[in-house]
There are 2 protein chains.
Amino acid sequence: MAALTFDLQTTDSASKARAGKITTDHGEILTPIFMPVGTVGSVKAVTQKQLYEDVKAQIILGNTYHLYLRPTLDVLESAGGLHKFNGWHKPILTDSGGYQVFSLANNRKIKEEGVIFQSHIDGSKHLFSPERVMDIQRTIGGDIIMAFDECPPYPSDTKYAKTSMELTHRWLDRCFTQFNNTPDKYGYTQNLFPIVQGSTYKDLRKASSEYIASKGATGNAIGGLSVGEPEEMMYEICALCCDHLPVDKPRYLMGVGTPWNILENIALGVDMFDCVMPTRNGRNAMLFTSKGVINIDNKKWEKDFSPIDDGIDCDTSNYYSKAYLRHLIKSKEILGLTIASVHNLAFYLHLVTEARKHIQQGDFVSWKNEQVELLKTRL
Amino acid sequence: MAALTFDLQTTDSASKARAGKITTDHGEILTPIFMPVGTVGSVKAVTQKQLYEDVKAQIILGNTYHLYLRPTLDVLESAGGLHKFNGWHKPILTDSGGYQVFSLANNRKIKEEGVIFQSHIDGSKHLFSPERVMDIQRTIGGDIIMAFDECPPYPSDTKYAKTSMELTHRWLDRCFTQFNNTPDKYGYTQNLFPIVQGSTYKDLRKASSEYIASKGATGNAIGGLSVGEPEEMMYEICALCCDHLPVDKPRYLMGVGTPWNILENIALGVDMFDCVMPTRNGRNAMLFTSKGVINIDNKKWEKDFSPIDDGIDCDTSNYYSKAYLRHLIKSKEILGLTIASVHNLAFYLHLVTEARKHIQQGDFVSWKNEQVELLKTRL
């Protein structure tokens, strides 16, 4: 049992894109990678078998805030951790709960100590502090766990962004102290990734990246992007962060994004992504395909009996027709939500796998530029 | 391409239970059989792959009323029928829409000609007549299609029951005339099953069974049971109908029921069953298992990490724990609906497969009596 390692296999000569291999105690992850979001221990509407076989997921996310409230740590600890609880035996990453505390919980109060909030389910009061969040993630049992940070909204003024970043850094120190003072719980090694903040201010982002890099973690994350800022600004900030984060450690851009966002950020040096978009948009009739974006609700698909997407290696996308999926979504059938979610996730995994192939082949940038145009097409 | 045949393989010596084999142009069905209900062309929350591999379904149902309204006959005909539309390549049975017209549609008016009703979706007006319902089912493309009947409510007085039965018989004549005057649409043979009615009156049921038997159909159905009458009355009427329906044709008891209802009716000579109970109750946290009935919502399952049911051959039931399924259902996760539905359907298919085995072994009745007790147990 060993800490996460990152083998940087290829760096693109025409961009900063990288192909690599992350090794964890639950197996290997080929990068760049997209991680499906499994909020409460379930990737919404998708079975573990579909994740393994159709989506070909290599790692999934769990949300600390949700799992802490339901099924509760008591149940997760009795099960022997989240892998045993939900039957996902490949790597798991858990977020720190910070983002959900700010977006979902009620009556939250940020103090130096941590954040006091009320559950969105039953109104019960809780404290998330850096120490507590380390303990919680130890108990959930992710292979990669995230530092407790504050994610400032967009836009934030310089003063707020700086104060918030400094708090995030102090919390980070406390996270590492607690993490280093507590053992792995289930016999495999957990890894703590710190998170760069600093809103949209380059000087703050540079300082934060350098501070995060100084921690010598096995991997590093970029937070606080894709929160409403213009796309170009996201790319600019992400590029800056990547340039100041270690080359030999995986870089994880949190909560991003559309297929084209992912390709552009791969070009800037990002290795890991997560986003609810493929599942959430899928449930709302929006499909990302190898030929462009489809609103499957649209009447034009009513008699289109061609496969949802025959351009990717996914049984579900190849098996069901656009007309059938449209009918299911229009009729509010649960199966429609499953098929759309499996397809969109499989497409995201297909996309990062193709990106990796083109990085290794040496034609990533030209391929990426073509794909970005193509994938944005509204069919 | 040939009409449905029924090979009666074994008749139990201690009961009227039978093991047989139905052959259709879409393959064979071993009886007794349970048919999952695929209302609008989808067995709710279950993929076709799960139906093939986990549930091991041999035939599924489609509902004429629902499919006629959505996706509409125009779409189904363009697809080349329901099998091609939904990707289910084994046999399909469609009901006549009669039951849904009475239970779901608005402002229905029963006349000699047929039933005029308004769609529960958009209020549009439609007429279902025997002729129209034959044409609709021709277009949907079921391997087995059902006669258009009136299903009287329970209780009905003798006069209403008799008038209704006579209407059903006149409609049946018109169904056969239309059926015989129209060709198969998609290159395989469709089969029309007539339906015994007569409410809870033995003289009517006997007369109706004899009338239905006189039609010489490739299979026969018993309708109008499990509509609120006491269980013992259902068994009594079902036994009477079975005794007056041909021995050498499959007998289909419509809309029944619990696992123990199914076993008792197999003992009376029924070969085919359908019911929404496994999927509907599954979505409401009620599981039928090889050890009894489980309300998975119950706190007692919170830390029960044993498989949902290791007594049946279903990957889903063996893979996920009771605690995990409980968590999903409590958290209103879509995956919970899928797992519960797949499990309950797999259990129903397991049950009829076991029944068949015991009929062939010659110990059906003692096995059935044990199972009925066991399966009713509240765990």
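Condition first: buried (at least 18 other Cβ atoms within 10 Å of the Cβ) and in contact (Cβ under 8 Å) with a residue 40 or more places away in the chain. Now tell me which residues in the stretch A:240-257 satisfy that.
A:Cys241, A:Cys242, A:Leu245, A:Lys249, A:Pro250, A:Tyr252, A:Met254, A:Gly255
Any chance the stretch A:116-133 includes a residue that's in the same structural domain as A:Arg174 (by TED's automatic domain parsing), open to solvent by less than 10 Å² (accessible area, probe 1.4 Å) and under 17 Å from A:Val43 (Cβ atoms)?
No, that holds for no residue.
In the stretch B:204-233, what residues are farther than 17 Å from B:Thr64 by Cβ, in contact with a helix residue (DSSP H, G or I) (Cβ under 9 Å, 6 or more places away or on another chain) and of a type outside the set (A, V, I, L, M)?
Listed by number, the residues that qualify are B:Arg205, B:Lys206, B:Ser208, B:Ser209, B:Glu210, B:Tyr211, B:Lys215, B:Asn220, B:Gly224, B:Ser226, B:Glu229, B:Glu231.
Looking only at residues in the stretch A:73-88 that are surrounded by fewer than 21 Cβ atoms within 10 Å (Cβ to Cβ) and within 9 Å of chain B (Cβ to nearest Cβ), which one is nearest to A:Tyr52 (Cα to Cα)?
By that ranking, first place goes to A:Gly87.
Can you tell me which residue within the stretch B:90-118, out of those that are in a loop (DSSP other than H, G, I, E, B) and at pLDDT below 95, is nearest to B:Asp173 (Cα to Cα)?
My answer is B:Ser96.
Hey, among A:Lys44, A:Lys16, which residue is in a loop (DSSP other than H, G, I, E, B), touching a Cys at 6+ places or on another chain (Cβ under 7 Å) and at pLDDT 95 or above?
A:Lys16
Checking A:Leu69 against (1) of a type outside the set (Val, Ile, Thr); (2) within 30 Å of B:Val46 (Cβ to Cβ); (3) in a loop (DSSP other than H, G, I, E, B), which single condition isn't satisfied?
Here A:Leu69 clears every test but (3).
For the condition open to solvent by 30 Å² or more (accessible area, probe 1.4 Å), under 30 Å from A:Ile308 (Cβ atoms) and without any contact (Cβ under 8 Å) to a residue 60 or more places away in the chain, what is the one hit in A:Asn261, A:Asn284, A:Asn265?
A:Asn284 is the lone residue from the list that is open to solvent by 30 Å² or more (accessible area, probe 1.4 Å), under 30 Å from A:Ile308 (Cβ atoms) and without any contact (Cβ under 8 Å) to a residue 60 or more places away in the chain.
Can you confirm whether the stretch B:270-278 contains a residue that is within 12 Å of chain A (Cβ to nearest Cβ), hydrophobic (A, V, I, L, M, F, W, C) and either at negative phi or buried (at least 24 other Cβ atoms within 10 Å of the Cβ) (or both)?
Among the residues of the stretch B:270-278, not one is within 12 Å of chain A (Cβ to nearest Cβ), hydrophobic (A, V, I, L, M, F, W, C) and either at negative phi or buried (at least 24 other Cβ atoms within 10 Å of the Cβ) (or both), which makes the answer no.
Looking only at the stretch B:302-340, which residues are more than 15 Å from A:Ser78 (Cα to Cα), more than 7 Å from chain A (Cβ to nearest Cβ) and of a type in the set (Gly, Ala, Ser)?
Selection gives B:Gly311, B:Ser317, B:Gly336, B:Ala340.
B:Ile136 - would you say it is surrounded by fewer than 24 Cβ atoms within 10 Å (Cβ to Cβ), among the aliphatic types (A, V, I, L, M) and either touching a Ser or Thr at 6+ places or on another chain (Cβ under 8 Å) or within 14 Å of chain A (Cβ to nearest Cβ) (or both)?
yes
Say we look at the stretch A:221-234 and pick out the residues that are free of Cβ contacts under 8 Å to residues at least 60 places away in the same chain and open to solvent by less than 30 Å² (accessible area, probe 1.4 Å); which of these is nearest to A:Asp95 (Cα to Cα)?
That would be A:Ile222.
If only one of A:Lys202, A:Lys215 is within 22 Å of the chain's Cα centre (by Cα) and among the basic types (Lys, Arg), which one is it?
Values: A:Lys202 fails: within 22 Å of the chain's Cα centre (by Cα).
The match here is A:Lys215.
Return the residues of the stretch A:100-150 that are closer than 22 Å to A:Phe85 by Cα and either without any contact (Cβ under 8 Å) to a residue 24 or more places away in the chain or of a type in the set (Asp, Glu) (or both); say none if nothing qualifies.
A:Arg132, A:Asp135, A:Asp143
Cβ-Cβ distance below 7 Å, separation of 6 or more or different chains: which pairs start in the stretch A:303-330 with a residue that is closer than 13 Å to A:Gly282 by Cβ and end on one that is in a helix (DSSP H, G or I) and among the basic types (Lys, Arg)?
Listed by first residue and then by second, the contacts come to A:Ile308/A:Lys322.
Here is a yes/no grid of residues against (1) small (Gly, Ala, Ser); (2) in contact (Cβ under 8 Å) with a residue 60 or more places away in the chain; (3) in a helix (DSSP H, G or I):
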| position | (1), (2), (3) |
| --- | --- |
| A:Val40 | no, no, no |
| A:Asp54 | no, yes, yes |
| A:Ala57 | yes, yes, no |
| A:Asp74 | no, no, yes |
| A:Glu77 | no, yes, yes |
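Looking at B:Arg326, B:Arg356, which is the one that is surrounded by 14 or more Cβ atoms within 10 Å (Cβ to Cβ), within 24 Å of the chain's Cα centre (by Cα) and outside the structural domain of B:Ala17 (by TED's automatic domain parsing)? Explain how you work it out, then say what you get.
Numbers: B:Arg326 fails: within 24 Å of the chain's Cα centre (by Cα).
When all the criteria are applied, what remains is B:Arg356.
Return yes or no: is A:Glu373 within 26 Å of the chain's Cα centre (by Cα), open to solvent by 10 Å² or more (accessible area, probe 1.4 Å) and without any contact (Cβ under 8 Å) to a residue 12 or more places away in the chain?
It is true that A:Glu373 is within 26 Å of the chain's Cα centre (by Cα), open to solvent by 10 Å² or more (accessible area, probe 1.4 Å) and without any contact (Cβ under 8 Å) to a residue 12 or more places away in the chain.
Quick check: is even one residue across the stretch A:41-56 surrounded by fewer than 23 Cβ atoms within 10 Å (Cβ to Cβ), under 28 Å from A:Gly123 (Cα atoms) and within 10 Å of another protein chain (Cβ to nearest Cβ)?
Yes, the stretch A:41-56 contains a residue that is surrounded by fewer than 23 Cβ atoms within 10 Å (Cβ to Cβ), under 28 Å from A:Gly123 (Cα atoms) and within 10 Å of another protein chain (Cβ to nearest Cβ).
The values are calculated or read from the model by the stated rules, or taken from the named source; none is laboratory data. Values in this document were obtained by computation on a predicted structure and should not be read as measured data. With ideal geometry, Cβ positions are generated from the backbone for all residues, glycine too; neighbour counts draw on all protein chains shown. With ligands, DNA and RNA removed, areas are computed over all heavy atoms of the protein, side chains included. Shrake-Rupley method; radii C 1.70, N 1.55, O 1.52, S 1.80 Å.
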